[in-house]
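The structure under discussion appears below in the form of structure tokens.
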Amino acid sequence: MSERFKELPAEKQLSILRAATEVFAKYEYKKASTDLIAYKAGVSKGLLFYYFQNKKDLYLTVFEHVKQTVTEGVTDSHFLEITDFFELITYATMKKLRILAENPYIVEFSVRSFYSEKEEISDDLKGKISRGIEQNYKQNFEKIDFSKFREGVDPFEIFKMMVWLVDGYIHDHQMRCEPLCLDAIDKAFANWTEMFKQIAYKEEYL
């Protein structure tokens, strides 16, 4: 995020970020119009690029904003108290999905960014997404009781697979233009969790 943008009042920052999130959600990167973003944000295009170096800088700022919005919505006091691996993933996933269900542009933006290919920002996004998964795991799973895992099972690999399952589920619904149904996802995720738990946990913790 540029220093010039940081100097704006919080309300104006949010207005620009919301406008950019909406446009980048609706259109692939190369077709997303900065003129439209400026119009929706109520600023001139020249002023928009006073705050950001270029379109790529704006996009990556939106990416970090969306990531922060979801993270802050998930990591509440109860989240920090959970010590069971699968309980924590379930709690975090369902909170994340509720945030996404209430913010459809965030859903569309997240799906586009996750599956971005052959775009100017694709390589940057792949690196950010990969590092984000690792950072999420390191920061939020410090208090987990890993003694429950069977010998030879890598908890991080289980974590990655469950992240991919959820993202794939959301992407599938987006491709079919279907709204997120939290009850349906909850049931599907409970089934996935039970399957992974059978594979990963020692007998006494099943």
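The values are calculated or read from the model by the stated rules, or taken from the named source; none is laboratory data. Bear in mind the structure is a predicted one, so any value in this text is a computation, not a measurement. All Cβ positions, glycine included, derive from the backbone under ideal geometry; neighbour counts span all protein chains shown. Heavy atoms of the whole protein, side chains included, go into the accessibility calculation; ligands, DNA and RNA do not. Shrake-Rupley method; radii C 1.70, N 1.55, O 1.52, S 1.80 Å.
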Could you please give the count of residues in segment 172-206 that are among the charged types (D, E, K, R) and either more than 27 Å from GLU102 (Cβ to Cβ) or in contact with a strand residue (DSSP E or B) (Cβ under 6 Å, 6 or more places away or on another chain) (or both)? 5
Of these, ILE89, ILE99, which one is without any contact (Cβ under 8 Å) to a residue 40 or more places away in the chain, open to solvent by less than 40 Å² (accessible area, probe 1.4 Å) and part of a helix (DSSP H, G or I)? ILE99
Would you please list the contacts, defined by Cβ atoms under 9 Å and residues six or more apart or on different chains, that run from a residue in segment 145-166 that is buried (at least 16 other Cβ atoms within 10 Å of the Cβ) to a residue that is assigned to a helix (DSSP H, G or I) and acidic (Asp, Glu)? LYS148/GLU204
Against the condition closer than 23 Å to CYS177 by Cα, touching a Gly at 6+ places or on another chain (Cβ under 9 Å) and in a helix (DSSP H, G or I), how does ALA25 come out, does it pass? no
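To keep it simple, each residue is scored yes or no on (1) part of a helix (DSSP H, G or I); (2) in contact with a Pro (Cβ under 8 Å, 6 or more places away or on another chain); (3) buried (at least 18 other Cβ atoms within 10 Å of the Cβ).
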{"site": "GLU11", "(1), (2), (3)": "yes, no, no"}
{"site": "SER15", "(1), (2), (3)": "yes, no, no"}
{"site": "ALA20", "(1), (2), (3)": "yes, no, yes"}
{"site": "VAL43", "(1), (2), (3)": "no, no, yes"}
{"site": "PHE49", "(1), (2), (3)": "yes, no, no"}
Are any residues in segment 22-41 touching a Ser or Thr at 6+ places or on another chain (Cβ under 9 Å) and either over 18 Å from SER110 (Cβ atoms) or open to solvent by 10 Å² or more (accessible area, probe 1.4 Å) (or both), and if so, which ones? TYR27, GLU28, TYR29, ALA38, TYR39, LYS40, ALA41
Restricting attention to segment 159-200, the residues that are over 18 Å from the mean Cα position of the chain (by Cα) and in a helix (DSSP H, G or I) number exactly 15
Of those in segment 102-119 that are surrounded by fewer than 16 Cβ atoms within 10 Å (Cβ to Cβ) and not in a helix (DSSP H, G or I), the residue modelled with the lowest pLDDT is LYS118
Scan segment 57-84 residue by residue and report those that are open to solvent by less than 10 Å² (accessible area, probe 1.4 Å) and either in contact with a Lys or Arg (Cβ under 7 Å, 6 or more places away or on another chain) or under 17 Å from ALA188 (Cβ atoms) (or both). none
